[in-house]
Amino acid sequence: MTEPRKHAKYDALIFACHALAPVRTGVVHPCDEAALAGALEAAAARIIKPVLIGPEAKIRAIAKAAKLDIEGIPLISVPHSHAAAEKAVQMVREGAVEALMKGSLHTDELMAAVIAKDTGIRTQRRMSHVFIMDVPTYPKPLFITDAAINIAPTLEDKVDIVQNAIELAHAMNIKEPKVAILSAVETVTSKLPSTIDAAALCKMAERGQITGGILDGPLAFDNAISREAAALKHITSSVAGDADILLVPDLESGNMLAKELSFLADADAAGIVLGARVPIILTSRADNLRTRMASCAVAAMYAHARRAAARLA
């Protein structure tokens, strides 16, 4: 019997994009080899249709040195990374691109342009980041949110964070994602505010304030992803042991969880930012090519879902 490929879940994501038209994507300041190569590989796979935004001479020099072919790819020349971020956001507002992809500039610099009061692309929804983890020991993609944007989210913030993740799951053809709201214990106690938030979020879902998913919590991490651990604690839940989405209490816990899975469980971590007018692909210098491709695939699926929803509205 042939063993399954270690990262077959990402392969399936990328394959799913073959049936979709490439999404026009602003690649912001792709001024190192990894950023430029990642965008070009996603373009070669017909996931995105890149528009390179940055200093033209620098981008062409990097392409030449790395033997990357950018012939025929639109390139909008701006003097520096700050101008690249502003131009990319302007292009979103003009409808010229349907997604953004971070290049070699700092995340804070790109997000500052995204959230600018008069010229940014915020919506009424709180912006949040979702890691889509391909964990070899887990049978399906595992979403972790928020591990990169919201440091200490309030209850109201968590409503938007979980709704963003649910809508992303829908775009990835997960019809009713199971959301585990994490804490250190499974019982509600005033000593752990995250357990009270979990209980409130579950009640809010019952009352229609959060829609499209099945919520349960508080749940400890083991009970969220292991049926055996949940059974030992006598937890009866359709979410426990079968979670699609892990809603973490705060950025620190989420970031540590994602990195622990990456470095101790050989997981890959694709990631995008939601809640703006378009999905934003946040790549890291440590990302391998497969992870960059998967991030582009997730953003493309989300952009297509948003387009379809707009047509029906």
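How would region 2-146 be classified by its alpha-carbon gyration tensor: rounded, prolate or oblate, with rounded meaning a/c under 1.5 and the a/b versus b/c comparison settling the rest?
oblate
Highest mean first, how do 188-194, 296-302, 49-55 rank when packing is the count of other Cβ atoms within 10 Å averaged over residues?
296-302, 49-55, 188-194
Give the range of the longest stretch in the chain that excludes all GluC sites (Glu not before Pro) found in loop regions by DSSP and having at most 12 other beta-carbon atoms within 10 Å.
Result for the longest clean stretch: 95-313.
Would you list 197, 287, 69, 242 from fewest to most Cβ contacts within 10 Å?
69, 242, 287, 197
Which FRET efficiency, nearest 0.05, do residue 184 and residue 116 yield, Cβ-Cβ r, R0 51 Å?
E between residue 184 and residue 116, to the nearest 0.05, is 0.85.
Where does helix 81-93 land angle-wise versus the long Cα axis of the chain, in degrees 0 to 90, nearest 10?
The two axes meet at around 70 degrees.
May I ask you to evaluate 6.51 cos²θ - 1.76 cosθ + 1.60, the Karplus curve with θ = phi - 60°, for each residue of region 12-23 and list the ³J(HN,Hα) values in order in whole Hz, giving x for glycine and proline?
My calculation for region 12-23 gives 5, 4, 5, 5, 4, 6, 5, 8, 10, 5, x, 8 Hz in order.
Run through region 273-313 and list the trypsin sites (Lys or Arg not before Pro) located in a DSSP loop whose Cβ has at most 15 other Cβ atoms within 10 Å.
Filter output for region 273-313: 285.
So if we plug the beta-carbon distance of residue 155 and residue 176 into 1/(1 + (r/R0)^6) with R0 = 30 Å, what FRET efficiency do we get, rounded to 0.05?
Computed FRET efficiency for residue 155 and residue 176 comes out at 0.85.
Among 264-272, 75-83, what's the highest-first ranking by average C-beta atoms within 10 angstrom per residue?
The densest-packed peptide leads the list: 264-272, 75-83.
Provide, for q = 0.10, 0.11, 0.15 Å⁻¹, the log10 of I(q)/I(0) from a solvent-free Debye sum over equal Cα point scatterers in the chain.
Treating every Cα as an identical point scatterer, log10 I(q)/I(0) equals -0.55, -0.66, -1.17.
What Kirkwood hydrodynamic radius do you get for region 197-246 when you take the inverse of the mean 1/r over all pairs of distinct Cα atoms, in Å?
One decimal place: 11.1 Å for the Kirkwood radius.
Report the calculated FRET efficiency for residue 71 and residue 140 (r = Cβ-Cβ distance, R0 = 25 Å), to the nearest 0.05.
The pair residue 71/residue 140 has a calculated efficiency of 0.05.
With viscosity set to 0.692 mPa s and temperature to 37 °C, compute the Stokes-Einstein D of region 129-272, Rh being the Kirkwood radius across alpha carbon pairs; µm²/s, no decimals.
222
Within region 134-183, list the trypsin sites (Lys or Arg not before Pro) lying in a DSSP loop whose Cβ has at most 15 other Cβ atoms in a 10 Å radius.
175
Using just the helices of the chain, give the 222 nm mean residue ellipticity in deg cm²/dmol: DSSP H runs with n ≥ 4 each add -39,500 (n - 2.57), and the total is spread over all residues, rounded to 500.
So the helix-based figure for the chain works out to -13000 deg cm²/dmol.
Between rounded, prolate and oblate, where does region 4-71 land on the alpha carbon gyration tensor, with a ≥ b ≥ c its root eigenvalues, rounded for a/c under 1.5, else prolate if a/b exceeds b/c?
Prolate is the answer for region 4-71, as a/c is 1.5 or above and a/b outweighs b/c.
Rule-based calculations on the coordinates, nothing more; no lab input. Since the model is a prediction, treat every value here as computed from it, not as a measurement. Please note: Cβ atoms are built from the backbone with ideal geometry, for glycine as well, and neighbour counts cover all protein chains shown.
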